Structures are given as structure tokens and as C-alpha cells.
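A.B. asks: My structure is below; once you've seen it, I'll send some questions.
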Amino acid sequence: MNIADLLIPGRRRRRRNLELSIDGVTEVARARAGELDGRYAALWNMLCDASRETLRQLLISNDDELLDWNLKKHIKRVNDFNLVIFFWWMLLYQIVIFKTRGLAGYDPANDAGRMHEVSLIFVTAELQKMGRSSGPPASWADDWERQFPLESAMSMYNSVYNLLGLSGDLTARVQHVSHFTTITEKAYDRLSPN
């Protein structure tokens, strides 16, 4: 626990509520695995778990202090809409890693498209429940499917900051994105059942 959590009223409660919300959106996303065969369901659940863990570290608590975008002090700005978008972007980012790093037993060239379809069904349904969208939202970049993890992370970082109405300095952004990419690729390797 952070010392500021003890000194600032409501901060611990906000963190706990956000953590529960992250778990909730993850479970809703994981429920989409029921629409997939066992092979795809396992891949989908792995992508959801990696997305949850990354969001938890960015917004709640870092297991690795290098995985930090300085968002924890801005969690008041994270509403349900933003959280669903962030989770979806993390899913897309995990798909980018899957496409570049692969996974035993899968064909990233074909299987990434199926994971993207499921992610679109998930995000569209969630945003419709909120009355916020009649179709899928925009990803962090139109060409996200052709990006490598580092490019994706940089674009996503910029989009997260824009969505939250934050500004950041260029040097910090480059460091944050570089560490983020390295750490998330290592985490992917640990989660992937090779």
C-alpha cells in the first residue's frame, strides 16, 4: 500500500473500486470464450488475463516499477467508458504481440483475425450497454494491425493520455513506452503455454 493511500481520504477506496472494475470487465470479456472452440478459448482467455494484469499494473499497483505510465495519480479520470476502451486497447495490444511473437499450436496470421473479431464483439456490446456507441470504437491507430509492439505501445500511450485529457513530457513517454514494451513482451512469454 502506498503512504498516500493512508493520508488521502477515499484514495484506497477508489483504487479498490477500480481494481474490482478491472476484474469485472475482464470476466465479461472472458465470458466471450464460450463462443469459441477450446483452442481459441484458451488463447482468448490468455489475452484477457494479460490485458487485466497490464491494466492493473498501470492503474493500481506495479509489481515492476518500470511498468508505469504515471496514471495511478489520475484514476479519478478513469470512468467505466474509459476502462472498457483501455481494456479493449490492451486486448488489441496483446493481439499485436501474439502476431509478432507467435504461440505454439496457433497460426498468428489467421488466428489474430479471429481474436480481433471477438474483441470487437466484446467492446461493441459493452459500449452499447452504456448507451455510448452504435458500432465499434476507434483503436489507437488506424493501422494498428500492421504495427509492431513498440509502435503500438507509443500510439496507445498517446491515445490513453488524450482520452484522459493528460499531457506528458516526451522524454518520460519514450522511457515509459520502452519499458512497457519490454515488460509486456516478457509477461506474454510467461503467460503463453508453449
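Where a number appears in this text, it was derived from the coordinates with a stated rule and is not lab data. Here the structure is a predicted model, which means the values were calculated and not measured. Methodologically, a virtual Cβ is constructed for each residue, glycine included, from the backbone with ideal geometry; neighbour enumeration extends over all protein chains shown.
A.B. asks: Please report Rg (one decimal) and Dmax (integer) in Å for the Cα set of the chain.
C.D. replies: 16.2, 51
A.B. asks: Now for a different question. Mean projection of the alpha-carbon convex hull of segment 28-124 over all orientations, in nm²?
C.D. replies: If you wrap the Cα atoms of segment 28-124 in a convex hull and average its projections, you get 6.6 nm².
A.B. asks: Between the alpha-carbon centers of segment 55-87 and segment 152-194, tell me the distance in whole angstrom.
C.D. replies: 11
A.B. asks: Then there's this: Using Cα pairs closer than 8 Å and at least 6 residues apart in sequence, work out the relative contact order for the chain, in percent.
C.D. replies: After rounding, I find 23 percent.
A.B. asks: If you don't mind, another one. Convert 20 °C to kelvin, take the viscosity as 1.002 mPa s, use the Kirkwood radius over C-alpha pairs of segment 9-50 as Rh, and evaluate the Stokes-Einstein diffusion coefficient in µm²/s, rounded to a whole number.
C.D. replies: 189
A.B. asks: Given labels modelled 7 Å from the Cα in the Cβ direction, how far is it in nm from Ala125 to Glu27?
C.D. replies: Result: 1.5 nm between the two label points.
A.B. asks: Out of every Cα pair in segment 100-194, what percent are spaced more than 24 Å from each other?
C.D. replies: Every Cα pair in segment 100-194 considered, those over 24 Å come to 34 percent.
A.B. asks: Additional query: In a shell of Cβ-Cβ distance under 11 Å around Arg101, excluding Arg101 itself, what net charge do Lys and Arg (+1) and Asp and Glu (-1) give?
C.D. replies: Net charge around Arg101: 0.
A.B. asks: Quick check on the chain: helices-only [θ] at 222 nm, where DSSP H runs of length 4 and up contribute -39,500 (n - 2.57) each and the sum goes over total residues. Nearest 500, please.
C.D. replies: Value at 222 nm, helices only, nearest 500: -22500 deg cm²/dmol.
A.B. asks: Using the structure shown, list the pairs from Lys72/Lys186; Lys76/Lys129; Lys99/Lys129 with a Cα-Cα distance above 28 Å, or answer none.
C.D. replies: Over 28 Å Cα-Cα: Lys99/Lys129.
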